[in-house]
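Peer 1: Below: one structure in structure tokens.
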């Protein structure tokens, strides 16, 4: 089945850019998502990208997709302390309704 | 605003007790899911449901059962709670059309003593 990998931790200084990376194995993945989980809360959809896109920008967030390498990244510009959370990458082949989640990357933002 | 609610934020139960976790969504979604989340393991799918009275096993169904008698409500049942079921339980729902985005509840943190 699908396998989604993320690094577990990322530490950045406030004001810098953060880049969270994700790799996946199933080339038929159609929908690719980034979720954010704040402490003690459920997951909240941050942004998504379709497999026929290379890039999507939404305010401070930029998603890059390299289909050839099966690599997805989330860039957060001007990272703030409020961005400290766990970020999950999830991919879905479309039509299955069940995304496969990575283990999550804990983003720590320090002053 | 879309909403998925879970009956409890925190629960403490004793080994051997029967535990009910309730999830309600107000978006008329067909699909509903139960996950457990453990540090370093991410989200693991326990059960899901495509429609009323339908259920499918996920990756880790052992020790759990589910019930979906109404479209908006999906219950997770621990027939005889064990300490290794101490975890954060997350409910989610999604539509069968469009983007298939999952919407999550706030989670229930269960401690089994």
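FYI, it's all coordinate maths here, none of it is from the lab. Only a predicted model underlies this, so the values are computations on that prediction, with no experimental measurement involved. Heads up, the Cβs are rebuilt from the backbone with ideal geometry, glycines too, and the neighbour counts pull from every protein chain shown.
Peer 1: For a quick check, take a GNM of chain A with Cα springs below 10 Å and name the residue from A:29, A:11, A:51 with the largest mean-square fluctuation.
Peer 2: Per the Cα network of chain A with a 10 Å cutoff, A:11 tops the list.
Peer 1: Can you give the Rg/Rh ratio of chain B, where Rg is from the C-alpha atoms and Rh is the Kirkwood radius?
Peer 2: Numbers: Rg = 13.3 Å, Rh = 14.0 Å.
A ratio of 0.95.
Peer 1: Can you sort B:72, A:38 from fewest to most other Cβ atoms within 10 Å of each residue's own Cβ?
Peer 2: Values: B:72 16, A:38 13.
Ranked by crowding around the Cβ, least crowded first: A:38, B:72.
Peer 1: Could you state the number of Å between the C-alpha centres of the stretch A:1-32 and the stretch B:40-76?
Peer 2: Here the answer is 26 Å between Cα centres.
Peer 1: Can you divide the C-alpha Rg of the protein assembly as shown by 2.2 N^0.38 Å and report the result to two decimal places? Each step should come with its number before you reach the end.
Peer 2: Numbers: Rg = 17.6 Å, N = 224, 2.2 N^0.38 = 17.2 Å.
Ratio of Rg to 2.2 N^0.38 Å for the protein assembly as shown: 1.02.
Peer 1: Ranking B:34, A:34 by Cβ neighbours within 10 Å, fewest first, what do you get? Please list the in-between numbers first.
Peer 2: Working: B:34 25, A:34 22.
Arranged by neighbour count, lowest to highest, B:34, A:34 become A:34, B:34.
Peer 1: Another one. Could you check which residue among B:96, B:44, B:73 shows the biggest mean-square fluctuation in a GNM of chain B with a 10 Å Cα cutoff?
Peer 2: B:96
Peer 1: For the stretch A:32-83, what does the alpha-carbon gyration tensor say about shape, rounded, prolate or oblate, given a ≥ b ≥ c as the root eigenvalues, a/c under 1.5 as rounded, and a/b over b/c as prolate? Could you put the intermediate results ahead of the total?
Peer 2: Details: a/c = 2.43, a/b = 1.64, b/c = 1.48.
Prolate is the answer for the stretch A:32-83, as a/c is 1.5 or above and a/b outweighs b/c.
Peer 1: What is the Cα radius of gyration of chain A over 2.2 N^0.38 Å, N being its residue count?
Peer 2: Working: Rg = 13.4 Å, N = 111, 2.2 N^0.38 = 13.2 Å.
Normalised Cα radius of gyration, chain A: 1.01.
Peer 1: Would you mind telling me which residue in A:97, A:48, A:33 has the biggest mean-square fluctuation in a Gaussian network model of chain A, where springs connect alpha carbons within a distance under 10 angstrom?
Peer 2: In the Gaussian network model the winner is A:97.
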